[in-house]
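The values are calculated or read from the model by the stated rules, or taken from the named source; none is laboratory data. Just so it is clear, the model here is predicted, and its values are computed rather than measured. Here the Cβ positions follow ideal geometry from the backbone for every residue, glycine too, while neighbour counts run over all protein chains shown.
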Amino acid sequence: MKADTAVFSIYAQENKLGLFLLTRDELRYYDSPESYQAISSAIKELQITLTNPYYDFYRKPSQRLSKAVLKPVQKYLQGITTLLYCPDGLFSAIPLGVLQLENHYLTEQTAIVRVASLRSITQIPRKQKLTKRGISCVDPAIAHARLPFQGDTGKLLEQLFHEDLKALTAEQCTPAKLEMAINNSKDASFLHIGAHGVYYLQDPMRSGIYLSAGDHSDSGALWDANAIGAIDMSHIELVTLASCKTGLIDSSFSRDIFGIQRTLLFSGAQAVIAPLWSVDDQATSTLIQQFYQAYELNRQPEQSLKNVQQQLINSEQYSHPFFWAGFVLTRAMI
């Protein structure tokens, strides 16, 4: 393992919160100063307050969680530029990057990569093969639910990748045409989807993304986890989802990740970037456009995401974590 890389894992039980930190030098285990039961309310409070961009109510629960989770390992995070993170329990519903050290968000210090489980970490972290080929499916033709800023993102992707991009938009952005584009793309590719998403906690396999219905209809068609899981995506290096709540997982399954992300990874996609909550169309378009501008310059996805989140933190309009913190990157295999 490289000196600038570490693996961080949280083990959550009702009366115990264990922290594991693996660096090149050694494996360290710590008991958090607070139990999981004691800080569960802070996790839920943070999850709610992060979705309100008009107030800073997130600061108090964030500070409490930072003290319970990051403070014990703080000195060993110095010099760590890539942090592989495996969440457990309710921690899966909040972004680790919004927690703070010395009044700075963790994402300002290190690129954070979620892993589907600790079983996914099988070798020394390697750089992802970057591809200049891609597929985009943006702003589906759904009555009263258009996403014009996602359409702008699609136009930028066309400018960046030209004939190497299979662009689907509006009426073309149907499940059938998207699946055809994925199946016909045998070379390594990225996939970007800018559309409405839905997550059903009680039945995760019904969760999905609303695309165009086709046949000149302005109704939507749900491209759900069942359909996604039936597609071979082993040639897809990166999936970016500008779709509400598609990054959510079922926290009741300990030590693993289930949800739309899990389905994409199961289908063979190597990495997924998706939001944990309902996102703002314009801010999301800004984030995704800046991300792909960095990605097109051969920057690794985790570093590209870290850089664009830093830019939004320093901006006047989108500095609140609501606009940037919800997007998390998950890798299938490290």
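Structure values in brief
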item: Residue check, E179 out of contact with any strand residue (DSSP E or B) (no Cβ under 7 Å at 6 or more places or on another chain), in the same structural domain as L305 (by TED's automatic domain parsing) and charged (D, E, K, R); result: yes
item: Strands (runs of 3 or more DSSP E) fully within the range 205-298 counting 1 or more residues that are at pLDDT below 90, touching a Lys or Arg at 6+ places or on another chain (Cβ under 9 Å) and within 22 Å of G154 (Cα to Cα); result: 208-214
item: Residue identified as assigned by TED's automatic domain parsing to the domain that holds A242, modelled with pLDDT under 95, surrounded by fewer than 19 Cβ atoms within 10 Å (Cβ to Cβ) and in contact with a strand residue (DSSP E or B) (Cβ under 7 Å, 6 or more places away or on another chain) among E171, E158, E163; result: E171
item: Residue count for the range 14-38, restricted to those that are within 21 Å of H104 (Cβ to Cβ) and among the hydrophobic types (A, V, I, L, M, F, W, C); result: 2
item: Per-region count, the range 208-240, residues of a type in the set (S, T, N, Q), crowded, with 18+ Cβ neighbours inside 10 Å and under 18 Å from I142 (Cα atoms); result: 1
item: Residues located in the range 1-45, provided they are of a type in the set (K, R) and closer than 19 Å to V113 by Cα; result: K2, R24
item: Any chance E158 is among the acidic types (D, E), assigned to a helix (DSSP H, G or I) and under 23 Å from S285 (Cβ atoms); result: yes
item: Residues (surrounded by fewer than 18 Cβ atoms within 10 Å (Cβ to Cβ), part of a loop (DSSP other than H, G, I, E, B) and within 26 Å of the chain's Cα centre (by Cα)) located in the range 1-23; result: M1, K2, A3, D4
item: Residues that are touching a helix residue (DSSP H, G or I) at 6+ places or on another chain (Cβ under 9 Å), buried (at least 16 other Cβ atoms within 10 Å of the Cβ) and part of a loop (DSSP other than H, G, I, E, B), drawn from the range 299-319; result: R299, Y318
item: Per-region count, the range 116-142, residues surrounded by fewer than 21 Cβ atoms within 10 Å (Cβ to Cβ) and either modelled with pLDDT under 90 or aromatic (F, W, Y) (or both); result: 16
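To keep it simple, each residue is scored yes or no on (1) hydrophobic (A, V, I, L, M, F, W, C); (2) under 23 Å from K306 (Cα atoms); (3) modelled with pLDDT of 95 or more.
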| residue | (1), (2), (3) |
| --- | --- |
| A3 | yes, yes, no |
| I10 | yes, yes, no |
| Q13 | no, no, no |
| L17 | yes, no, no |
| T23 | no, yes, no |
| S32 | no, no, no |
| L83 | yes, yes, yes |
| S92 | no, yes, no |
| L106 | yes, yes, yes |
